[in-house]
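A short worksheet on the structure shown next.
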Amino acid sequence: MSDHLHQAGVKLLKLLSRHSELIMDVYQQGEISLDQYDASVLNKLKDAGVLWRPDIEQGLRLKGTIRSLLEEGLNDERNRQIDANTGSAIASIKTLAAHYKEARYQADYSRSEAYLNELSEHVYRFCDSLGYAIRVLWGRINNEFGYVGSIGAKIRENELAQEQVTQLLNDLSLVLFSELTDIAGDIRELRKLLVVNMQQTLSECTQELSVVQARLLELLGRFRQIRGRTRLLKGWLLHTNLHPDYRPLEHVAHKQVPVLFNHAEPLLSPASADIYNASQESELLGIVSKINAIRHIQNVEPVLAPQVPVLLSESEDFAIPNNPFKQAVEGYFVSVIDSGKAQSALDYLKSQSLPWEHEAWLYQVIGGYEALSEEHKHYFELAPIGEPDPVYNGNFIIRDVELWLS
């Protein structure tokens, strides 16, 4: 059976390859007449299920499966057909799962393997059909429905896409994972196919469809806005064509001035210095320096101070007194290093009987930790100890901090 299918498939693919130009002509033109090509070639393609004739008066057309194959392979934007067929797919999957469980229970391993392969093919095909439908929708959105020319056609295509999204979401709601879980039972292969793979795929598709729906609504609003402005412009052009001698009157001569023109002239805003303009910094500094300047209009000669000789000598050494607060924090860090254990800042404050307030001590410990170099900071870990604020959400009250070696 498998050898026969293999040979038939190879024969069909060779037939498609041998008459690829004819098939692409039918795909682009929609149909061809019988007198355009060799009758024997057309009969071969008809017998193989590649071409068909819907009516006696009509020409030959491509079968739907072949056209779908070309549309997906060529990413043809004209393809607007989306059919996930969820109900039929789920029914087929349930039936094949029952066949597999029966064959497995009867220890018929060859038959169970065949059913498992067919079930896997159905599941993967169903998941791929959902992904293909979403890809088609994104293709239309990214192209902004460029395969149609008018705004009205774009709006209709957008509404069609929204209906298809709604239908897909309704179809996905038909999948009950509780029922699929019961069917899979404790069989690992069935749980992987029916629960894990399908649940992940359907979850991703549902999230993607919600994004698609929001994007479609945004595009629809923009298309309608463009259509409204276009209608307004076309109405004005039609009015000017019907009344070529039309001239707008002075608005002040009307008894009722339109609200659009009934606005007062804008007032000048009060002048103010732009303190953020760097180019005016020197002028502003000059103005500010003259504010508190005291000028005495007196012709008084300045009195020069007596000249004092300047002696250059070596500067005296001076020592900066150590900050006891900083020394206490350093002692806290040294204590953690010596003990090698985590230690609370307030516990160290109490054990050493230090005189500082709790809050000031915590700020100093945190500041000492942040002041460490990156190389030394890697040796320590500092974590706050506290609880969330009972009234205001998002606030965390720090009661203490804990330091330990990383």
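The values are calculated or read from the model by the stated rules, or taken from the named source; none is laboratory data. This one's a predicted model, so the numbers in the text were calculated from it and none came from an experiment. Note that each Cβ is placed from the backbone with ideal geometry, even for glycine, and that neighbours are counted across all protein chains shown. Accessible surface areas use protein heavy atoms only, side chains included; no ligands, DNA or RNA. Shrake-Rupley method; radii C 1.70, N 1.55, O 1.52, S 1.80 Å.
Quick notes on this structure:
- Here R224 fulfils each of the conditions (1) under 30 Å from L130 (Cβ atoms); (2) free of Cβ contacts under 8 Å to residues at least 60 places away in the same chain; (3) of a type in the set (D, E, K, R) apart from (2).
- Yes/no for L168 being out of contact with any His (no Cβ under 6 Å at 6 or more places or on another chain) and open to solvent by less than 50 Å² (accessible area, probe 1.4 Å): yes
- Just one of the listed residues (A328, A273) is at pLDDT 70 or above, small (G, A, S) and in a loop (DSSP other than H, G, I, E, B), and it is A273.
- Top-ranked residue in region 365-406 [being assigned to a strand (DSSP E or B) and charged (D, E, K, R); ranked as least open to solvent (accessible area, probe 1.4 Å)]: D400
So that you can scan it fast, the table gives a plain yes or no per residue for (1) surrounded by fewer than 12 Cβ atoms within 10 Å (Cβ to Cβ); (2) of a type in the set (S, T, Y):
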| position | (1), (2) |
| --- | --- |
| G149 | yes, no |
| Q164 | no, no |
| L190 | no, no |
| V195 | no, no |
| Q200 | yes, no |
| T206 | no, yes |
| A214 | yes, no |
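- Subset of region 27-54 that is under 22 Å from S68 (Cα atoms), hydrophobic (A, V, I, L, M, F, W, C) and at pLDDT below 80 - its residue that is surrounded by the most Cβ atoms within 10 Å (Cβ to Cβ): I32
- The requirement of being in contact with a helix residue (DSSP H, G or I) (Cβ under 8 Å, 6 or more places away or on another chain), open to solvent by 60 Å² or more (accessible area, probe 1.4 Å) and not hydroxyl-bearing (S, T, Y) is satisfied by E159.
- Close pairs (7 angstrom Cβ cut-off, 6 or more residues apart or separate chains): closer than 12 Å to K154 by Cα and in a helix (DSSP H, G or I) in region 209-221, modelled with pLDDT under 90 and open to solvent by 60 Å² or more (accessible area, probe 1.4 Å) anywhere: L219/E144
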